[in-house]
Structure formats: C-alpha cells, structure tokens
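Heads up: the structure comes next, in structure tokens.
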Amino acid sequence: MKAKIGDVYTIYNNRLRLYTACQITNVIEDKGDAICLYLDWTGESPLHLVQMENLQPLYMDFMYLERQLCITNVDIDVTAYFIFVGNIPPLTNEENSYFGTGNYGYDVYRQIKWQQIPEERRKAFKIAMKSEETVWLNGTEYKISSHYVDDAHCPFSKADELKVFPCLSTLVLKEYHQGLIEYLDNTPFITELTYKGKGQRSLDFRGTSLRKLLIDLTEIDELWLNDEMEQLYLLNDKISPCVIHARDNGANLLLQYRKIFHPYPELSNLNSLHGIEINEVDMNDIFSVYPNLKELWLWGKPGYIRNFSVLESFRNIEVFATRNLFGFSSEDIPVPERMEHLNWLWMTSLPEDAAKCRKKLDKKRKNEGMNLSVTQARKPEWIKENMDNPFRDWDDSDYISPSSAKKAIIQYRKTRNELLALNVQNDPEAQTKAIAAVEEYTKTFNRMRCIETDERDLVYEVLCSIIDYMNNPIIDKARLLDRFEELRDF
C-alpha cells in the first residue's frame with residue numbers, strides 16, 4: 001500500500017510497550033518518499049477511527065533539543081509496521097523541522113520518557129543548558145552547563161557532589177564513588193556511563209535512566225541492566241564469567257565485545273552483536289548462543305571467521321557487516337534466498353573470491369533495494385603480507401599516498417625487529433640503540449604530510465604496542481616514549 005497525504009497510522013512501540021500514531025503530511029512521488037509526522041498519542045490498544053478527532057502533533061524537546069515538531073522521511077511504500085487507521089486533513093504543512101531517526105518511534109519513546117520527568121527538573125535542565133554561569137567543585141571552577149564529567153579530570157569523592165551540574169548526561173569513571181548507584185537512580189538525565197572501576201562484585205543499574213554503558217567486567221560477577229539500556233560495550237578483552245541480566249533477555253540490546261567472543265546465554269534474545277579487534281571468531285559459537293540476532297557486525301584486527309556458512313542459519317538477520325576478516329571462500333557464501341530478512345550487507349576487506357561471489361549472488365537483491373557494499377577484495381598475497389600490518393588500511397586511503405603507506409609498513413617492521421632483538425640481548429648499549437630506533441621511526445613519519453588525528457593516534461599506538469612487549473631491565477621504556485614525543489612534529 002502506498003502512502004497518501006492525510007493517512008493516519010498506528011504503530012506498536014516495542015520500547016514503550018504502547019501503541020503510538022503518525023500521519024503522512026506530504027508525498028514526494030519522484031523520490032519515492034513520504035513525510036511522516038509523529039502524533040501526541042499513545043494507547044494500550046491500536047488507535048481507532050473514532051479517536052482521530054482530537055489528534056495533535058507531537059513536539060520534541062527532550063534533553064538538548066529545542067522544541068520542534070518531529071518529522072521524518074519514510075518510504076512511500078508503507079511498511080508492515082504501520083497499521084492504517086483513516087485519513088484526515090494534514091495537521092501541519094511544515095517540512096523543515098527536526099528529522100528524526102526514521103526507525104518508527106524511537107524519538108517518540110525518548111520524548112515520552114522525557115515527559116515523565118518532573119517538570120521542575122526539566123526546566124532546571126533547560127536553564128542550565130543555556131547558562132553561562134559557573135559552579136565550584138573541590139576547589140575548581142566549572143561551567144554549570146557541563147554535559148560531561150570524567151573523574152580523571154574533574155575529581156570528586158561522593159557521587160552526589162555532581163548535583164551542581166543540572167544538565168549532566170555523560171559520566172566517565174575510573175573508580176567507584178560513594179553513593180554512585182543512588183545518584184544515578186535519582187538523576188534521570190544521566191544516559192551514558194563509562195565505568196572502569198574495581199572492587200565491586202555486583203552492580204545494579206535497574207533504577208537508572210542509562211541508555212549506553214561502557215564497562216570493564218573484570219572482577220564483576222553479576223550485572224543488572226535497566227529496561228532502557230540500549231548499548232552495552234564491554235571494555236575488557238579477556239573472558240569474564242559475569243552474569244548479565246537484561247530486559248526480555250536482551251531483545252532490544254546491542255552488545256559489543258573486544259577480541260575474544262564470550263557467550264552470555266542469559267541474553268538469548270540479543271538483538272545486535274558487534275565484535276571488534278577480532279583475531280578469530282567461530283560463527284557456530286555465536287549462533288549457538290544468539291540464534292535470534294537481527295544485526296551482526298564483526299571487525300577484524302585483522303582476523304579469521306570460522307564456519308562462515310553458518311550465517312544462513314540466522315533466520316532473523318537484517319544487518320550483517322564485516323571488516324578485515326578472512327578464512328572463508330566463495331563456497332561459504334550463503335544463498336540470499338535463505339536469508340529473506342537480510343536488507344543491509346556491508347563487507348570490507350575480504351577474500352577476493354568471496355567478494356566476487358557475494359556481488360554476483362546479491363545483484364538481484366540490490367536491485368530490489370538491499371543496501372549492499374562489498375569493497376576491498378583482497379588477493380591471497382595481500383592477506384599473507386598484511387595480517388601483521390597495523391598500517392594496512394593506509395593503502396586504501398584517499399588521503400595517504402601509496403608511497404607513504406609502503407614506507408609506514410617498512411618502518412614498522414624495521415623498528416619492531418630492532419627493538420625486539422634488543423629486548424632479548426644483554427647489550428650494555430641497548431638503551432642508546434633503542435632510542436636511536438625510536439628516533440628513526442619518528443623521523444620517518446615526520447617526513448609525511450598526511451598525518452592527521454587518526455593517523456597520529458595510530459602511529460603512537462603502534463609504537464606503544466611494540467614497546468609494551470619489551471621487558472629488558474636495561475631499557476627504560478618510558479624514556480623511549482618521551483623521546484618520541486620530543487621529536488614528533490605531527
């Protein structure tokens with residue numbers, strides 16, 4: 001069914017567990033788009049025709065947004081999420097207001113949750129957000145409009161000291177602070193927390209308003225997430241036996257892990273799984289725990305995927321993406337017809353024969369609207385040469401010349417070989433020679449004119465990764481990094 005101007009639809013919002021409503025206010029035939037206006041209505045059952053008389057637009061002003069209508073683009077071919085109710089004259093002709101996420105109700109959910117916060121606290125948030133005033137915390141002056149606090153740069157002891165910041169929304173903590181859970185329970189604006197603290201065997205965030213949690217689970221035995229939690233990023237790169245409790249067994253949750261896949265069987269309905277810095281992962285391991293995944297992203301360091309063909313067993317997969325992962329061939333590529341819900345497929349830096357097969361199989365699906373991108377097909381020779389090359393992505397960069405990319409890997413291997421050789425030698429000149437190796441490394445990158453923020457960070461991190469392996473007492477590792485900082489001009 002195609003959308004028509006004035007059409008009103010009702011939609012079930014999984015996060016609110018209520019029905020919501022929207023109206024098509026305009027149709028752009030040549031682009032195949034429709035303009036969708038969300039309405040200020042919720043109900044435990046679908047909207048009925050007799051309820052349309054007093055419908056009003058929904059205005060959005062949650063968190064840092066200014067008050068405005070929520071309008072978004074949708075496909076002119078109405079999705080199955082929309083249930084037709086009736087047709088009335090458009091409630092607005094505005095088209096240049098806030099364009100929402102387009103995911104059928106997330107902004108409505110955010111606004112409804114915002115309106116549940118006491119009005120006086122919402123007003124205080126908005127006033128602080130625009131204020132030029134300052135406040136004092138432990139002898140240091142800060143802006144009252146601060147959105148972000150990191151205890152490494154803004155030290156405090158008790159969590160309730162942060163009440164001086166009325167519009168704070170993000171916390172980064174390297175340690176547990178007295179009263180933290182109570183503070184979060186009573187501060188509905190804190191939606192993002194990074195927690196690297198130790199000493200707490202159990203953490204319970206069920207009374208908080210967190211939507212994103214980045215956490216090191218080392219030493220934590222049990223973790224309770226609140227119903228609003230959307231994203232859980234695990235900072236630890238070693239397996240943790242922690243038990244994670246989430247609403248509907250993770251049905252609305254994105255879980256991201258680093259390096260080593262570890263199953264959390266209690267999250268049996270997990271919606272999205274992201275893996276980063278992967279050396280190796282087995283599709284069987286993932287499927288055995290999370291068969292209901294709708295989204296799967298796997299990022300190699302680079303690394304290998306084992307049993308890739310198991311992908312077609314994920315019957316609900318809508319989004320699949322890989323980067324810098326190998327170990328599979330064209331024979332492992334699943335037939336698209338067996339993955340009828342797959343509508344978004346991005347594979348970057350993959351075996352050449354698999355890339356060709358994937359493009360061929362999905363050509364028809366792309367014509368039907370699949371978001372398909374298969375890039376950086378790698379020959380076997382490239383894979384062999386670059387599995388240990390931290391600068392491998394530079395050879396496909398639009399900003400880095402091929403010569404600079406080649407010089408980077410040559411210098412990396414030379415520096416690594418020299419330093420690791422010195423590490424195992426009982427050479428009284430080891431410190432001097434190590435300094436010289438670092439100087440040459442630094443000067444090589446100083447001569448390049450392509451070093452921006454991302455490249456600068458990588459050059460530093462690569463050197464750190466080499467030095468971290470060294471344990472020769474003759475060599476002062478801190479002095480090596482100091483010399484790098486003294487010399488670099490990027």
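Results, tabulated for the structure shown:
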{"read-out": "Label-point separation, K443 to E120 (7 Å along Cα→Cβ), nm", "value": "6.9"}
{"read-out": "For the stretch 361-490, average projected area of the Cα convex hull in nm²", "value": "10.2"}
{"read-out": "Packing rank of 37-50, 126-139, where each peptide gets the mean count of other beta carbons within 10 Å, highest leading", "value": "37-50, 126-139"}
{"read-out": "Euclidean distance between Cα centres, the stretch 456-470 to the stretch 225-266, Å", "value": "29"}
{"read-out": "Burial order of peptide ranges 9-16, 323-330, 200-207 (average beta-carbon count within 10 Å, highest first)", "value": "323-330, 9-16, 200-207"}
{"read-out": "FRET efficiency estimate (nearest 0.05) - Cβ-Cβ, W344 to Q68, R0 45 angstrom", "value": "0.95"}
{"read-out": "Residue-normalised accessible area of the stretch 245-334, expressed per residue, 1.4 Å probe, Å²", "value": "38"}
{"read-out": "Where the stretch 1-48 is the region considered: accessible area per residue in Å², 1.4 Å probe", "value": "45"}
{"read-out": "Full-extension gain in nm, Q178 to K198, via 0.36 nm per residue minus C-alpha separation", "value": "5.9 nm"}
{"read-out": "Charged-residue dipole, Cβ positions (Lys, Arg, Asp, Glu), the stretch 414-464 about Cα centre, Debye nearest 20", "value": "180"}
{"read-out": "Rounded to 5, percent antiparallel among DSSP beta bridges of the chain", "value": "35"}
{"read-out": "FRET efficiency estimate (nearest 0.05) - Cβ-Cβ, K212 to N284, R0 35 angstrom", "value": "0.75"}
{"read-out": "Calculated Rg and Dmax of the stretch 442-490 using C-alpha coordinates, Å", "value": "11.7, 36"}
{"read-out": "For the chain: relative contact order, % (alpha-carbon pairs under 8 angstrom, 6 or more apart)", "value": "6"}
{"read-out": "Charge dipole (debye, nearest 20) of the stretch 391-490; +1 at Cβ of Lys and Arg, -1 at Cβ of Asp and Glu", "value": "380"}
{"read-out": "Carbon plus sulfur fraction of accessible area for the chain, probe 1.4 Å, in percent", "value": "48"}
{"read-out": "Cα centre as origin, Lys/Arg/Asp/Glu Cβ charges: the chain dipole, Debye", "value": "760"}
{"read-out": "Cα gyration tensor of the chain - equivalent ellipsoid semi-axes, whole Å, descending", "value": "44, 33, 22"}
{"read-out": "Virtual spin-label span in nm between V335 and S397, 7 Å along Cα→Cβ", "value": "4.4"}
{"read-out": "Dipole axis of the chain (+1 Lys, Arg; -1 Asp, Glu on Cβ), positive-most option in N472, P89, A128", "value": "N472"}
{"read-out": "Dipole axis of the stretch 146-253 (+1 Lys, Arg; -1 Asp, Glu on Cβ), positive-most option in T194, N252, H153", "value": "H153"}
{"read-out": "Acute angle (nearest 10 degrees) that the helix 352-367 long axis makes with the longest principal axis of the chain, alpha-carbon atoms", "value": "10"}
{"read-out": "Helix 453-468 vs. the chain, principal-axis angle (Cα, 0 to 90°, nearest 10)", "value": "50"}
{"read-out": "Rough spin-label spacing in nm, given labels placed 7 Å along Cα→Cβ, for D482 and A321", "value": "4.2"}
{"read-out": "Calculated FRET efficiency for the pair D237/E385, C-beta based, R₀ 35 Å, to 0.05", "value": "0.85"}
{"read-out": "Translational D in µm²/s for the stretch 268-403 (Stokes-Einstein at 4 °C, 1.567 mPa s, Kirkwood Rh from C-alpha pairs)", "value": "84"}
{"read-out": "Using alpha-carbon coordinates, inclination of helix 119-130 to the longest axis of the chain, degrees", "value": "50"}
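The values are calculated or read from the model by the stated rules, or taken from the named source; none is laboratory data. These figures come from a predicted structure and were not determined experimentally. Ideal geometry is used to build each Cβ from the backbone, glycine not excepted, and the neighbour counts take in all protein chains shown. Side chains included, ligands, DNA and RNA excluded: accessible areas come from the protein's heavy atoms. Shrake-Rupley method; radii C 1.70, N 1.55, O 1.52, S 1.80 Å.
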